[in-house]
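What follows is a set of notes on a single structure, which appears directly below.
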Amino acid sequence: MKYLLLSISFFSFALSALGQIKIITKESYTVEELKTDFNIFRAALEEGHPGIYRYSSKLKIDSVFSAAETSISGPMSEREFKILL
């Protein structure tokens with residue numbers, strides 16, 4: 001019982017310490033970087049998703065991709081880009 005309580009307290013302390021780590025990321029990405037990443041994402045999705053056109057036509061999917069790509073008009077943070085995807 002003593003070892004169980006000690007283990008639980010150790011793991012809870014370790015997990016709380018992990019929450020304090022700040023991941024350093026780039027503040028914002030250029031339009032060229034974002035469009036390159038977007039095109040990689042699109043190609044991977046179109047190539048790897050077996051049912052991408054099952055419920056929506058290719059025309060509809062292409063229009064959604066085009067609208068998302070044209071919305072990349074300036075630098076974005078990683079969070080903003082993930083929301084766009």
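Filter the stretch 50-66 down to the residues that are surrounded by fewer than 11 Cβ atoms within 10 Å (Cβ to Cβ) and assigned to a loop (DSSP other than H, G, I, E, B) and list them by number. Listed by number, the residues that qualify are Pro50, Gly51, Arg54, Tyr55, Ser57.
Among residues of the stretch 63-80 that are within 18 Å of Ile40 (Cβ to Cβ), those with a Cβ under 9 angstrom from a residue that is of a type in the set (Ser, Thr, Tyr), sequence gap 6+ or separate chain, pair up as Val64/Ser56; Met76/Ser28; Met76/Tyr29; Glu78/Thr25; Glu78/Ser28; Glu78/Tyr29; Glu80/Ser28.
For (1) open to solvent by less than 60 Å² (accessible area, probe 1.4 Å); (2) acidic (Asp, Glu); (3) modelled with pLDDT of 65 or more; (4) not in a loop (DSSP other than H, G, I, E, B), each residue gets a yes or a no:
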residue: Ser7; (1), (2), (3), (4): yes, no, no, yes
residue: Lys22; (1), (2), (3), (4): no, no, no, no
residue: Glu32; (1), (2), (3), (4): no, yes, yes, yes
residue: Ala43; (1), (2), (3), (4): yes, no, yes, yes
residue: Ala68; (1), (2), (3), (4): yes, no, yes, yes
residue: Ile72; (1), (2), (3), (4): yes, no, yes, no
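The values are calculated or read from the model by the stated rules, or taken from the named source; none is laboratory data. All of these numbers come straight from a predicted model, not from anything done at the bench. All Cβ positions, glycine included, derive from the backbone under ideal geometry; neighbour counts span all protein chains shown. Ligands, DNA and RNA are stripped out before the accessible areas are found, and what is left, the full protein with its side chains, is counted by its heavy atoms. Shrake-Rupley method; radii C 1.70, N 1.55, O 1.52, S 1.80 Å.
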